[in-house]
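Worksheet: one structure, shown below.
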Amino acid sequence: MPELPEMEAWRRALNDPVSAFPIEKAGPAHVATLKTYDPPLSALDGRRLAGAERRAKRLLFPTDDGELVLLVHLMSAGRLRYLRAGEAGPKTPAFRLRFEGGGQLVLTEGGPKKRAGVWLLSPEAAAAELEHLGPEALGLGAERLGEILTDQPRRLHSLLRDQRVIAGIGRAWANEILHAAQLSPFARAQGLSTGQVLTLAETIDSELERGLELRERGAKNAKVYRVHDKLGEPCYVCGSPIARVDFEEHTIYYCPECQTGGRVLKDRRLSRLLR
């Protein structure tokens, strides 16, 4: 799933193009993609978008009259592109906005499952849709992070991925952040020292900023990720092979030497060894 660096890079790239011209026609949208029906998509026709905004892993496109917000959640396989006039695009995207001037905003989704979503909402309804999200990860700071960790008797990797607690980080950037901070993914959040909290807060910012810079330059996963999805490859810090733990819904990548005192976690049943 695209996370904060990827979503913010998309937001920056889309902000100017989507606000350049009024919308000529909104839709069509795949029946599984469009999550709302009132107001209808046709309510966007003739309106101009104010630009692109982001909240956690979601993109928001408010109209410049302040009456509507188009909210997009890409989930794991959704991709959003702006096609300039005359640029070839998919024949049947999951969602499309046509602009006067010939440009298009198109949402595509790979695979048979349609999980990406599009909502057309009032500003109040959009705020309600997002109210469950925690504070943004980037710029969180050590003081606020310390308060969060104190209230969370959980393991760090799980906590960082919980959008209700800290918004914007998923499994990939949790792997990158915890490795750079030299913290075990399985350490208890409440057990960190003041120095470790400070290091984690600084590393959240530095890793997300590194990812954003690389994504804006068009870098692919192989260059962006230094730990995530690197099973068996040498750790860029110490040279030890990167290890992983498989869970039903996600996978954790980590360096045993840098993060867990040389101990290798074979499966989740042994996670108690790394407390």
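The values are calculated or read from the model by the stated rules, or taken from the named source; none is laboratory data. All of these numbers come straight from a predicted model, not from anything done at the bench. Virtual Cβ from ideal backbone geometry, glycine too; neighbours counted across all protein chains shown. Accessible surface areas use protein heavy atoms only, side chains included; no ligands, DNA or RNA. Shrake-Rupley method; radii C 1.70, N 1.55, O 1.52, S 1.80 Å.
Quick rundown of the values:
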| read-out | value |
| --- | --- |
| From the options ARG188, ARG215, residue that is of a type in the set (D, E, K, R) and under 27 Å from LEU130 (Cα atoms) | ARG215 |
| Flag if GLU67 is of a type in the set (Asp, Glu), open to solvent by 60 Å² or more (accessible area, probe 1.4 Å), in contact with a Leu (Cβ under 8 Å, 6 or more places away or on another chain) and closer than 19 Å to PHE99 by Cα | no |
| Conditions (1) surrounded by fewer than 21 Cβ atoms within 10 Å (Cβ to Cβ); (2) hydrophobic (A, V, I, L, M, F, W, C); (3) in contact with a helix residue (DSSP H, G or I) (Cβ under 8 Å, 6 or more places away or on another chain): number failed by LEU97 | (1) |
| Selection count, region 251-265, where residues are in a loop (DSSP other than H, G, I, E, B) and open to solvent by less than 20 Å² (accessible area, probe 1.4 Å) | 3 |
| Counted residues, region 104-130 - those being over 24 Å from ASP64 (Cβ atoms) and open to solvent by 60 Å² or more (accessible area, probe 1.4 Å) | 4 |
| Residue count, region 210-244 (criterion: open to solvent by 60 Å² or more (accessible area, probe 1.4 Å) and not in a loop (DSSP other than H, G, I, E, B)) | 8 |
| Total residues in region 82-93, condition surrounded by 14 or more Cβ atoms within 10 Å (Cβ to Cβ) and in contact with a Gly (Cβ under 7 Å, 6 or more places away or on another chain) | 2 |
| Residue list for region 131-154, restricted to those being within 20 Å of PRO5 (Cα to Cα) and surrounded by fewer than 15 Cβ atoms within 10 Å (Cβ to Cβ) | GLY139, GLY141 |
| Filtered residues of region 18-62 (kept if without any contact (Cβ under 8 Å) to a residue 60 or more places away in the chain and assigned to a loop (DSSP other than H, G, I, E, B)) | SER19, VAL31, TYR37, ASP38, ASP45, GLY46, ARG47, ARG48, ALA50, GLY51, ALA52 |
| Residue check, ALA32 open to solvent by 50 Å² or more (accessible area, probe 1.4 Å), at pLDDT below 95 and out of contact with any Phe, Trp or Tyr (no Cβ under 8 Å at 6 or more places or on another chain) | no |
| The lone exception for GLN182 - which of (1) in a loop (DSSP other than H, G, I, E, B); (2) open to solvent by less than 50 Å² (accessible area, probe 1.4 Å); (3) under 16 Å from LEU160 (Cβ atoms) it fails | (2) |
| The one condition in (1) closer than 30 Å to LEU71 by Cα; (2) free of Cβ contacts under 8 Å to residues at least 12 places away in the same chain that GLY168 fails to fulfil | (2) |
| Residue that is assigned to a helix (DSSP H, G or I) and out of contact with any Ser or Thr (no Cβ under 9 Å at 6 or more places or on another chain), where the choices are GLU207, GLU248 | GLU207 |
| Filter result (over 26 Å from the mean Cα position of the chain (by Cα) and buried (at least 17 other Cβ atoms within 10 Å of the Cβ)) within region 18-29 | ILE23 |
| Breaking point among (1) out of contact with any strand residue (DSSP E or B) (no Cβ under 6 Å at 6 or more places or on another chain); (2) within 19 Å of GLU3 (Cα to Cα); (3) surrounded by 17 or more Cβ atoms within 10 Å (Cβ to Cβ), for LEU192 | (2) |
